[in-house]
Each structure stands twice: as structure tokens, then as C-alpha cells.
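All remarks here apply to the structure that follows.
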Amino acid sequence: MRDVFKRIGGKAAVDAAVDRFYVYMLEDDRVKHFFANINMEKQRQHQKDFIGFALGAEGGYAGKDMRAAHQAEAGAIVESTRTDVLCR
């Protein structure tokens, strides 16, 4: 799995992808309200750590699992607009 992380460009590539992702999210009226009270520097770092870990970066991931991280939305129906935003 470490090969995937290295093949895509390692930390620099993950950092760039996450930073770009949040530019899109924070500009989109359909989803930007989800981040209104979020420390975005911390959020970006959590996401970078999580994706890096998932792709095989060295080290570990000390953040919450997906269920715990998204507990506030537990049971909510994911609107198609959110899916559309994430899949552009």
C-alpha cells in the first residue's frame, strides 16, 4: 500500500489534493455551511493525515474513525446535492 502513497506523489500530492478539495467545499453554497464553525486548519490536517494513512504513508492515524468523526450527522440522509458536490 505504501507504493500508492509514493506513486501519487506522497505528502505533497495529498496536501495539494486536500487543500484544493476544501477550496471547492468552502465556495459551494450547498455544503459550505457544514464548515461554518470548524477550525479549518485542524480539519485540513486531519483529512491529510487520514488520506495519507489510507494510502500507505508511514506513521499512523490518531484521529477518530469515520463513524465517530461524523456522529453529529449520524442517521441523516445524505442529500444528492452533497454527493454531486463531492463527485464533480
_Of the conditions (1) farther than 19 Å from Gly60 by Cα; (2) of a type in the set (D, E, K, R); (3) touching a helix residue (DSSP H, G or I) at 6+ places or on another chain (Cβ under 6 Å), Asp15 satisfies every one except a single condition; which number is it?_
(1)
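This table checks each residue for (1) touching a helix residue (DSSP H, G or I) at 6+ places or on another chain (Cβ under 8 Å); (2) crowded, with 16+ Cβ neighbours inside 10 Å; (3) part of a loop (DSSP other than H, G, I, E, B); (4) not hydroxyl-bearing (Ser, Thr, Tyr).
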| position | (1), (2), (3), (4) |
| --- | --- |
| Phe21 | yes, no, no, yes |
| Met25 | yes, yes, no, yes |
| His33 | no, no, no, yes |
| Glu41 | no, no, no, yes |
| Asp49 | no, yes, no, yes |
| Tyr61 | yes, no, yes, no |
*Take the residues of segment 47-62 that are of a type outside the set (Asp, Glu) and at pLDDT below 90: which is farthest from the chain's Cα centre (by Cα)?*
Gly59
*Mind listing whichever residues of segment 13-57 are in contact with a Phe, Trp or Tyr (Cβ under 8 Å, 6 or more places away or on another chain) and charged (D, E, K, R)?*
Arg44, Asp49
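The values are calculated or read from the model by the stated rules, or taken from the named source; none is laboratory data. Owing to the predicted nature of the structure, the values given are computational and were not obtained by experimental measurement. Cβ coordinates were reconstructed from backbone atoms using ideal geometry, including for glycine residues, and neighbour counts include every protein chain displayed.
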